[in-house]
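In what follows, a structure is listed as structure tokens, so that the remarks can point back to it.
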Amino acid sequence: MAFEAVFSRAKEVFNHYFCVPRNNPDLTVAQYRSLSRHIPLFYIVLIANTAVVAATHLNIAPPFLTIVVPVLLSGAVMTRVFAWLSMRKAEVTPDQALQALRRTNLLTVPLAGLFTAWALVLHGYGDAYHQGQVTFFVAITVIACIFSLMHLRSAALSVALVVNVPLLVFMVLTGEPTFIATAINIAIVSVAMLSVLQSNYNDFAQLTVSRQALLLQQRELEKRTAAVQRLSNRNLSLARLDSLTDLGNRRSFFERFDQIVETCGGERFAIGILDLDSFKPINDLHGHAVGDHVLVEVGTRLREFSRDGVEIFRLGGDEFGFIMRNTRKVEAIVAFGDRICEAVARPISLPTGYTSISASVGCAIYPLAATDPQLLYERADYALYEAKRHKGSGVVVFSGAQEQALTRKHAIERALVSCDLEDEMYTVFQPIVELRSRRIVGFEALGRWANPQLGEISPMSFIPLAERTGQITAISRILLRKSLKALKDWPDDVYVSVNLSAHDIANSESIIRLLGVVNESGANPERIDFEITETAIVQDFEQAKTALNMLRNLGANVALDDFGTGYSSLSYIHRLPFNKIKVDRSFVAEIESSGSSFKIVKSLLMLCNDMGLKAIAEGVETADQLRVLRQLGCNKVQGYYFSRPMPAEDVLPFLDRFDAHEAIEAANPELKRQSA
């Protein structure tokens, strides 16, 4: 019984791969039509290749092999050429097509076997050049045959086996390493070719079936065309509306935009893009239902401005747009944007209380900023970027100065894609000082970029663009690799702190690559701090938690950078594996003159102490700032007061000559008097 089952299965496999299928007449006819175009050309190529091989062996092989056999084989092939050409334009029935395919299936095996046998016999004559030609003849001809018979899988597979198996065995048995290597190459190519053959045959068969199904469906589709057209017209009007706010959507915005450009006759108008600041944290903290409620309320408020030549749209997410006609002055556009921002900033009622949200607006004026609609939109988007970057909120109208900045921005974007990042990116290091021990305990690695054409490019310029273009993860790995290389030369009690982008922790693959850089460097993970900003955490809390745990499991330290500047910072500290907090420089800058900054830093230091976290104050630039921080119990600081960032080669000399006593005593006159 077991033998019968095996035999039955073997027969089934053989019939499937080496016999012409007869259960699909449409496929059979399609195969016939395809072969009638391809096989004559292949046969002509085969005759030509055979003639060339025979000609090069005329003086070194017997006439029987160089004249008689090639003529006989070519004659047999020519009869098949004439047979296929005579049937090429004839309309055939499925039965006629099946007979032709079966005949081809049967004849290809002996023909392939005879040509292969002739070639292998001829291989014994001549020098290495002639033997190489024969091998190439067999290999390239069988590839051409497989391609020509691709739509008749059974014949193509038969030829591949009849030709390749004897050829490979023959070459291996020669014992010649070069021939054996060639055999391996041919085997690899053959496997790949057969894989392609199988894939293309399946696609061809599926395409034939699909074509027939489509023909059957065509009549039914024609019946529904009228009904679909009516429904399409109705949907077209709905497609221009945002379903949440009932404002015009992004599509409607650009359609209206294009219409105005075509009909305005050069008259000025402005477009604006409004972005809600800190909307994502509200959405994440309170849920999507509350986020939708905020968007609806903002849309309702903006709709009040939709008059006097102003049209309002929702572009998607937390972005809105407007088109403002009948305006010639920049001041009027700014005033309008300010009124919109004020309306958005009014408190919004929620089921659990109230919230408020600010907005940033970027505008561009036609035709001053640009005459091309897409370019004008890009100008407005850049103005929005400037509003968020420099003002945090408010209104910015695209100007000539920003034109220069935008040109440089585009140049930086192009350079990011085309430059050698490994060669041009470098690191500088700023010391982190421990006040109690009065020594340098670490350095923060800061990325820098020196481009041959653009010169030194500020991190504030290239990092946001690198995040947009997706280059930031590669840059982070390069900077980490160079930082760890520098770390090898430092004393064992000095660590390095490396900044990560939100993109670096956005997925496990990015983190795994960073861990790979650490492992390859051989550095002790306990001497590495990874700094991550709160913005990166807010974007995807769960993924951030997974990524930071991977870093901690490696043995590295994780620090929360720019602490206190984000949204609801305290809600993340106890839920994520931080062991260090960096107090943002904006609080340190006014710590000796602003009571608010003093209280904030004091509270943050107390919080870190209560939770067992180490605190590092950034941006220490004066003795007065250092003195206040010491009074508040801050133990670790960094900033220009001690040193500006320095290149890697200056770190060791700096460590040798650094004297924290003088700097700390200068910030504490009482200590200075005691030491005196």
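So, in nm, how far is label Leu161 from label Val109 when the simple model puts each one 7 Å beyond its Cα toward the Cβ?
0.8
What whole number of Å gives the distance from the Cα centroid of region 353-397 to the Cα centroid of region 601-644?
Distance between centres, Cα-based: 37 Å.
Filter the trypsin sites (Lys or Arg not before Pro) in region 257-318 to those in DSSP coil with at most 14 other Cβ atoms within 10 Å of their Cβ, and list the result.
Hits after loop and neighbour filter: Arg307.
Starting from the Cα of Asn200, move 7 Å in the Cα-to-Cβ direction to define the label point; list residues of region 29-66 whose amide nitrogen is under 17 Å from there.
Label zone hits: 30-46.
What percent does the relative contact order of the chain come to when contacts are Cα pairs within less than 8 Å and at least six residues apart?
7
By the gyration tensor of its Cα atoms, with a ≥ b ≥ c the square roots of the eigenvalues, what is the shape of region 158-205: rounded for a/c under 1.5, prolate for a/b over b/c, or oblate?
It comes out oblate by the Cα gyration axes.
Rounded to the nearest 500, what is the chain's calculated 222 nm mean residue ellipticity when only DSSP H runs of at least 4 contribute -39500 (n - 2.57) each, over all residues?
Calculated at 222 nm, the ellipticity per residue is -20000 deg cm²/dmol.
Can you list the GluC sites (Glu not before Pro) in region 214-283 that are in a DSSP coil and have 14 or fewer other beta carbons within 10 angstrom?
Filter output for region 214-283: Glu267.
Among Cys341, Cys264, rank each residue by its count of other Cβ atoms within 10 Å, from fewest to most, as a rough exposure measure.
The fewest-first ordering by Cβ neighbours comes to Cys264, Cys341.
Is region 434-554 rounded, prolate or oblate when judged by the Cα gyration tensor, a ≥ b ≥ c being the square roots of its eigenvalues, rounded requiring a/c under 1.5 and prolate requiring a/b larger than b/c?
Oblate.
What's the FRET efficiency of His288 with Lys545 using the Cβ-Cβ distance as r and R₀ = 25 Å, to the nearest 0.05?
Calculated transfer efficiency: 0.80.
Each label point is 7 Å from the Cα along the Cα-to-Cβ direction; what then is the distance between the points at Lys329 and Glu509, in nm?
Spacing of the two 7 Å Cα→Cβ label points: 5.4 nm.
Helix 288-303 versus the longest principal axis of the chain: what is the Cα-based angle in degrees, 0 to 90, to the nearest 10?
Value to nearest ten degrees: 70.
Listing Arg240, Arg408 from the residue with the fewest other Cβ atoms within 10 Å to the one with the most, what is the order?
Arg408, Arg240
Report the relative contact order of region 337-376, percent, no decimals, based on alpha-carbon pairs under 8 angstrom and at least 6 residues apart.
29
Could you give the angle, 0 to 90 degrees to the nearest 10, between helix 69-86's Cα long axis and the longest principal axis of the Cα atoms of the chain?
So the inclination is approximately 80 degrees.
Size of the dipole of region 425-675 about the Cα centre, Lys and Arg at +1 and Asp and Glu at -1 on the beta carbon, nothing else charged, in debye to 20?
The calculated dipole for region 425-675 is roughly 260 debye.
My understanding is that a pair violates if its Cα-Cα distance is over 24 Å; which of Lys409/Lys580; Lys545/Lys582; Lys599/Lys636; Lys582/Lys602 do that in this structure?
Lys409/Lys580
Once the piece of chain linking Arg307 and Leu652 is laid out straight, how much longer is it, given 0.36 nm per residue of separation minus the C-alpha distance between them?
Answer, rounded to one decimal: 117.5 nm.
At R0 = 41 Å, how high is the FRET efficiency between Ser596 and Thr469 if r is their beta carbon distance? Nearest 0.05 is fine.
0.60
At 25 °C and 0.890 mPa s, what whole-number value in µm²/s does Stokes-Einstein give for the translational diffusion of region 313-424, with Rh from the Kirkwood sum over Cα pairs?
Diffusion coefficient, whole number: 155 µm²/s.
Answer rounded, prolate or oblate for region 250-398, using the Cα gyration tensor with square roots of eigenvalues a ≥ b ≥ c: rounded when a/c is under 1.5, else prolate when a/b is larger than b/c, else oblate.
prolate
Take Thr473, Thr56, Thr79 and order them by how many other Cβ atoms sit within 10 Å, fewest up front.
The fewest-first ordering by Cβ neighbours comes to Thr79, Thr56, Thr473.
Can you compute the FRET efficiency between Glu526 and Asn609 using 1/(1 + (r/R0)^6), with r the Cβ-Cβ distance and R0 = 30 Å? Round to the nearest 0.05.
0.85
Find the relative contact order for region 250-398 and round it to a whole percent, using C-alpha pairs within less than 8 Å whose residues are 6+ positions apart.
Worked out over region 250-398, it gives 30 percent.
Kindly express, to the nearest 10 degrees and within the range 0 to 90, the angle between helix 595-610's C-alpha long axis and the longest C-alpha principal axis of the chain.
Between the helix axis and the principal axis of the chain, the angle is about 60 degrees.
Give, as ranges by residue number, the residues of region 357-381 whose backbone N falls under 20 Å from the point 7 Å along Cα→Cβ of Asp338.
The answer is 357-365, whose backbone nitrogens lie closer than 20 Å to the label point.
How far apart, in nm, are the 7 Å Cα→Cβ label points at Lys488 and Ile44?
With each label point 7 Å from Cα toward Cβ, the separation is 6.4 nm.
Quick check of the Kirkwood formula: for the chain, what is the inverse mean of 1/r over all pairs of different Cα atoms, in Å?
One decimal place: 32.8 Å for the Kirkwood radius.
Read-outs throughout are calculated quantities, based only on the coordinates presented, and are distinct from any laboratory measurement. In this text, all values refer to a predicted model and were calculated from it rather than measured experimentally. Heads up, the Cβs are rebuilt from the backbone with ideal geometry, glycines too, and the neighbour counts pull from every protein chain shown.
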